[in-house]
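The values are calculated or read from the model by the stated rules, or taken from the named source; none is laboratory data. Given the structure is predicted, the values throughout are model-derived calculations rather than measurements. Methodologically, a virtual Cβ is constructed for each residue, glycine included, from the backbone with ideal geometry; neighbour enumeration extends over all protein chains shown.
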Amino acid sequence: MYINLFDHIDIILILGVILVISAWSCKTTGKIGLPTLVGFIFIGLIIGNWFDFPDMQAVDTFTNFALLMIVFTGGFQTNFSKAKPVLVMSTVISIGGTLLTAWFVAVFAYYFMDFGITPSILLGVIIASTDVASVSHVLHLKQANFKNNIGSIISLESGSNEPFAHVLTYVFIAVALGYGNPWILFVQEIVIGVAAGVIFAVIGKFLINRLDLDIDGIYGVLLCGIAFLMYGLAAQFHGSGFLAVYIGGLIIGNSKLVHKGSLSKLYSAFSMLMQITLFIILGILTVPSAVFSIMGIGVVFALVLIFVIRPATMYILMKPFRRPLNEIALVSLAGFRGAPCIVFATHLLTVELPYGEKIFSIVFLVCMLSVILQSSFIVPIAKKLNLLEE
């Protein structure tokens, strides 16, 4: 028997219990070296036996809202001065890595997973991005400080490839549904997304520094409103809202702002709350029986992605920059798949594509295996590769 999560009278009590358990799970997963993603999704899997959502449109709204705040915070907290020496290479492996990964995955899915051309391409673009939230959490949890600016490379790549992968996902879903020219859609998403991010970043920076607000906490509200305007305006004109908030967050976060320290702390907490919400919702959405039904091919695909496709992609893109093999190996291992991939997969469920459930289950399994395996090995392998600072 299911209880409607949005109509039940004890919703506040239930949310309180969920948040307390989620906070406690951070400590539990931290002790065994796993990112918060694992604990939150397992909580969602457990409570999914009792709760249900009214429709996928509500889920799509909630997940997009949570992800936009996570992406905005990722851009806002990126230190551009530290990342500047590796900016060109990080941009290349972000954009090029997304495209190459999507291509390799699509080829593998078509020839070895018995997928058609369109499902293969959709699986490729959905699984192509890495997860900045999981990467940052694991590195912070393990107090890992890598040599040679590798931490900046990983952060820039994982922060910027999420919005780019979402653009590709949106375009190919539109193609699957028979809407529009893919090239026009792609250019439109990128141009409008970047323009909205830059315009509202300039406006937002001006307002935060010039408005003399009597209450310090209002600056956080103002910044949140600016992020919503970036996303909303871009989406209104059929641009990428996620690209807008990442670019805007990057510009604002690297500008001189009043109350910048307190804003950063506020958005760290807000981003964590959004991560908890997002991961639990994704756990509730997951059908364990559907995941078990694709377990065999899903595990094989995950291993191929982690140990073949990702290293090959990084080697192709990083070798021209004359980076040594040990650095390429470490960046390859740091390419965690996580919540953004699962969120992108929910779009297939929202538009009710016939293969949506299968792709969602495969993506869920791959992301779980990715964070468990890669987070467990990253620090020991960094030590072996002599790339871990004391």
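Kindly indicate whether any position in the stretch 311-318 is farther than 20 Å from S134 by Cβ and modelled with pLDDT under 85.
No; the residues of the stretch 311-318 include none that is farther than 20 Å from S134 by Cβ and modelled with pLDDT under 85.
With respect to F146, is the statement that it is touching a Leu at 6+ places or on another chain (Cβ under 6 Å) and at pLDDT below 90 true?
Yes: the conditions hold for F146.
From the set of residues in the stretch 321-370 that are among the polar types (S, T, N, Q), more than 15 Å from the chain's Cα centre (by Cα) and within 23 Å of I280 (Cβ to Cβ), which is surrounded by the fewest Cβ atoms within 10 Å (Cβ to Cβ)?
That would be T350.
If you check L122, L99, which single one turns out to be surrounded by fewer than 24 Cβ atoms within 10 Å (Cβ to Cβ), under 17 Å from the mean Cα position of the chain (by Cα) and not charged (D, E, K, R)?
Of the residues listed, the single one that is surrounded by fewer than 24 Cβ atoms within 10 Å (Cβ to Cβ), under 17 Å from the mean Cα position of the chain (by Cα) and not charged (D, E, K, R) is L99.
Looking at the stretch 235-270, which of the residues that are over 15 Å from T78 (Cα atoms) and either of a type in the set (V, I, T) or in contact with a Leu (Cβ under 7 Å, 6 or more places away or on another chain) (or both) is surrounded by the fewest Cβ atoms within 10 Å (Cβ to Cβ)?
V258
Of the residues N326, N386, which is on the phi > 0 side of the Ramachandran plot and touching a residue at least 12 places away in the same chain (Cβ under 8 Å)?
N386
Just to be sure, is L273 assigned to a helix (DSSP H, G or I), modelled with pLDDT under 95 and over 20 Å from L123 (Cα atoms)?
Against the criterion (assigned to a helix (DSSP H, G or I), modelled with pLDDT under 95 and over 20 Å from L123 (Cα atoms)), L273 qualifies.
Restricting to the stretch 200-219, name every residue that is surrounded by fewer than 17 Cβ atoms within 10 Å (Cβ to Cβ) and either in a helix (DSSP H, G or I) or at pLDDT 90 or above (or both).
V202, I203, F206, L207, N209, R210, G217, I218
Against the conditions (1) modelled with pLDDT of 80 or more; (2) out of contact with any Phe, Trp or Tyr (no Cβ under 8 Å at 6 or more places or on another chain); (3) at negative phi; (4) part of a loop (DSSP other than H, G, I, E, B), where does A106 fall short? Just the number, please.
Answer for A106: the failing condition is (4).
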